[in-house]
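Quick notes on the structure that follows.
The values are calculated or read from the model by the stated rules, or taken from the named source; none is laboratory data. Only a predicted model underlies this, so the values are computations on that prediction, with no experimental measurement involved. Every residue, glycine among them, receives a Cβ derived from its backbone with ideal geometry; neighbour counts consider all protein chains shown. Areas reflect the complete protein model, heavy atoms only, side chains present, ligands, DNA and RNA absent. Shrake-Rupley method; radii C 1.70, N 1.55, O 1.52, S 1.80 Å.
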Amino acid sequence: MSTADQDTQVLLIRLAGPLQAWGERGAFNYRETRPEPTKSGVLGLLAAAEGRDRGADILDLVELDFGVRIDRPGSPLRDYHTVSDYRGNALPSAAVNAKGVQRPTSPAKHTHVTHRTYLQDAVFLAAVRGPAALLTTLHHALSHPAYPLA
């Protein structure tokens, strides 16, 4: 952490790993990744580190300034997945009925093929700037995360 002024600080976060994905376009069967971390992805990691639940208010995080430095861009990797119900049941389709309930696949489908794109061996330095008290809390949370940061 570095100090920009008395009330504002900058928190630097090194993001490195064998595979990373930073959401871009995505439908169930195809998920792409951006070539660099997104603000929403980094804020999600910070919220997880703090132990915030999915429905928790994150307005304080949204108001943080955000920037990324690309230290090593990595290379894209397309991963092939299959998804099945462990009980052997047919999988639901992406379509829903008028009540919002997923329809069964017709004819019954027991395996979906999906494609995911990741960045392999990328390294980034993300920076968030905001109120000193909040960034001190986030710094501690990153060192002692409540939820796994993945």
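General remarks:
- Here the chain has 54 percent of its accessible surface on carbon and sulfur atoms, given a 1.4 Å probe and all protein chains in place.
- Under 5 Å from the amide H of residue 19 lie the amide H atoms of 121, each residue being 5 or more positions distant or on a separate chain, with H modelled from the backbone and absent for Pro and chain starts.
- Taken over the chain, the alpha-carbon convex hull comes to 144 cubic angstrom per residue.
- Of 12, 43, the order by accessible heavy-atom surface (1.4 Å probe, DNA, RNA and ligands excluded), from most exposed downward, is 12, 43.
- Residue range of the chain that is longest and free of chymotrypsin sites (Phe, Trp or Tyr not before Pro) which are both DSSP loop and sparsely packed (at most 15 other C-beta within 10 Å): 87-150
- Low-density loop cleavage sites - trypsin sites (Lys or Arg not before Pro) in segment 73-143, where at most 14 other Cβ are within 10 Å (DSSP): 87, 99, 109
- Scalar couplings 3J(HN,Hα) for segment 49-66, obtained by applying the Karplus form with A = 6.51, B = -1.76, C = 1.60 to θ = phi - 60°, are 4, 6, x, 6, 6, 3, x, 5, 5, 10, 4, 4, 6, 4, 6, 5, 6, 9 Hz; x denotes Gly and Pro.
- Heavy-atom accessible area ranking, 1.4 Å probe, most first, across 54, 72: 54, 72
- Note, ³J(HN,Hα) from phi for segment 124-138, Karplus 6.51, -1.76, 1.60, rounded to Hz, x at Gly and Pro: 10, 10, 9, 10, 10, 10, x, x, 4, 4, 5, 5, 5, 4, 5
- Positive-pole candidate from 101, 136, 90, dipole of segment 13-150, charges at beta carbon: 90
- Residue-averaged 222 nm ellipticity for the chain, from DSSP H runs of 4+ at -39500 (n - 2.57), nearest 500: -5500 deg cm²/dmol
- Backbone amide hydrogens, once placed in the peptide plane, bring residue 114 within less than 5 Å of 81, 82, 83, excluding anything fewer than 5 places away on its chain.
- Accessible area per residue was computed with a 1.4 Å probe on protein heavy atoms; residue 71 scores about 80 Å².
- Extension gain for the segment residue 121 to residue 25, taken as residue separation times 0.36 nm less the Cα-Cα distance, is 32.4 nm to one decimal.
- Phi angles across segment 79-86 convert, under the Karplus curve 6.51 cos²θ - 1.76 cosθ + 1.60 with θ = phi - 60°, into 3J(HN,Hα) values of 10, 9, 10, 10, 10, 9, 7, 4 Hz, Gly and Pro given as x.
- Pairwise centroid distance, computed over Cα atoms, of segment 37-99 with segment 125-150, Å: 18 Å
- Measuring with a 1.4 angstrom probe and ignoring ligands and nucleic acids, residue 33 comes out at about 20 Å² accessible.
- Cβ-placed point charges (K, R +1; D, E -1), dipole of segment 1-127 about Cα centre in debye, nearest 20: 900 debye
- Legend: residues 112, 81, sorted from most to least accessible area (1.4 Å probe; ligands, DNA and RNA excluded), read 81, 112.
- Segment 1-123, relative contact order [Cα under 8 Å, separation at least 6], %: 34 percent
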